[in-house]
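Bear in mind that the values in this text are calculations on the coordinates, not laboratory data. If you're wondering where the values come from, they're calculated on a predicted model, not measured in any experiment. Quick reminder, even Gly has a Cβ in these numbers, built from the backbone with ideal geometry, and neighbours come from all protein chains shown.
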């Protein structure tokens, strides 16, 4: 009985993640019995989490004995997950254990001890994950049931648990059982032992259909995400990102998720708040975690990081602006009064624009459709509350070039 084709792993170094359970023993045996035919160099890794006491140690000893009998090199990694959780102030045991395993697998690749790490995820795992996420609430992106990493392979991913157990039985393979697997107080165990069998009664191929549905969702999501990426505009040195508010919701929500970034701890409520910005006036914003903010600016939603500190005030130095002629605003340096400073905008600032009348700086920026976000980043030359230059934007009528100008500054 052959469960998968080894041709795609020909000539590779493969390390099997061995827990000692039926699934991983089956996977190891599939490679072990045919590795010579495909020139595969085989090894195994066992991660002992320190979670189940003596039973966990029993599993480790079983893996040591099995690999010794089969002549498969075994690497054992021991991590005290409960202690790790305590040191870091809490965490979900399963999630932390999963991260510990993944880090152990990465270390194998980093140290060039193997080319690929094989895990025993199977069709049932995919179906369980899909049902769990659908019940909890998820998006199409959540239908990528099993996380993908370049160095991980899952040869049994299209194989049912029933076929795996049949293989184990036919080949008289020893294995150990995790006593917690039968505890239906764990949601995944309840899905595995109660919910999935009920689905199989409705339709015998329920697991395959769930997996096929997940794969289709993942493909559609990948396509729509690529379209959403193309709609994002990147603005300036600050790394601001702009999303058109009129995008169809399927693209808008994906573009927003991309702008928030994978490291941002967002929720579905955040997405709902951002979506509401589309109907609000310019300037309305939503504060996100990680210091990010989403703000409505005319026909767009802009994602940016709030500046920690405004521009530091410093005396106005003429030579700073007159290093050499360059494109930009020109002003009469001799028209600047004593006591001018370079600074950021302040409440109460006003300007007499070139050829115009006095107005508050806020009104001036609004008329120019310069948002508050950008306004906070502007560099000004001011004397008291009067703004004489908005660098790169406008000069005051009071410092304009005239026929009597002798020294020109470039701003």
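Counting each pair of different Cα atoms once, what's the Kirkwood radius of region 314-410 in Å, rounded to one decimal? Walk me through the intermediate numbers first.
Details: mean 1/r = 0.0738 Å⁻¹.
It is 13.5 Å.
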Compute the label zone of residue 1 within region 152-180: residues whose backbone N is under 15 Å from the point 7 Å along Cα-to-Cβ. 156, 159-175
Inter-label distance, nm, simple model (7 Å from Cα along the C-beta direction), residue 194/residue 405: 8.1 nm
Taking the mean number of other Cβ atoms within 10 Å as a proxy for protection, how do you rank 333-341, 241-249, 24-32 from highest to lowest? 24-32, 241-249, 333-341
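Can you pull the Rg over Rh of region 232-305, Cα-only, Kirkwood? Mind dumping the intermediate values first?
Numbers: Rg = 10.9 Å, Rh = 12.0 Å.
Taking Rg over the Kirkwood Rh, I get 0.91.
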Three principal axis extents, largest first, for the C-alpha atoms of region 72-227, in Å? 49, 44, 34
Using the alpha-carbon atoms, what tilt in degrees (0 to 90, nearest 10) does helix 206-231 show relative to the longest principal axis of the chain? 20 degrees
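Full extension from residue 201 to residue 61: what is 0.36 nm times the residue separation minus their Cα-Cα distance, to one decimal in nm?
On the way: separation 140, 0.36 × 140 = 50.40 nm, distance 3.86 nm.
Stretched out fully, the residue 201 to residue 61 stretch lengthens by 46.5 nm.
Would you mind ranking 110, 304 by Cβ crowding within 10 Å, fewest neighbours first? Provide the component values of the computation, followed by the final result.
On the way: 110 10, 304 24.
Ranking 110, 304 by Cβ neighbours within 10 Å, fewest first, gives 110, 304.
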Could you sort 230-237, 290-297 so that the peptide with the highest average Cβ count within 10 Å comes first and the rest follow in order? 290-297, 230-237
Most fluctuating of 111, 192, 133 in the GNM of the chain (C-alpha, under 10 Å) is 111
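So, R0 is 22 Å and r is the distance between the beta-carbons of residue 208 and residue 165; what FRET efficiency does that work out to, to 0.05?
On the way: r = 17 Å, r/R0 = 0.77.
Between residue 208 and residue 165 the formula returns 0.85.
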Taking the convex hull of the Cα atoms, report for region 123-213 its projected area averaged over all directions, in nm². 7.2 nm²
Angle between the chain longest axis and helix 22-34 axis [Cα atoms, degrees, rounded to 10]: 80 degrees
Helix 123-136 against the longest principal axis of the chain: what's the angle in degrees, Cα atoms only, rounded to the nearest 10? 40 degrees
Separation of region 103-157 and region 167-242 by C-alpha centroid, Å? 9 Å
Could you run the Debye sum over the Cα atoms of region 363-411, one equal point scatterer each and no solvent, and tell me log10 of I(q)/I(0) at q = 0.18 Å⁻¹, two decimals? -0.63
What number, in percent, do you get for the relative contact order of region 232-305 if the mean sequence gap of Cα pairs under 8 Å and at least 6 apart is divided by its residue count? 33 percent
Rounded to the nearest angstrom and ordered from largest down, what semi-axes does the equivalent ellipsoid of the chain get from its C-alpha gyration tensor (root of 5λ)? 63, 24, 19
Label-point gap, in nm, between residue 215 and residue 111 - each point 7 angstrom along Cα→Cβ: 3.6 nm
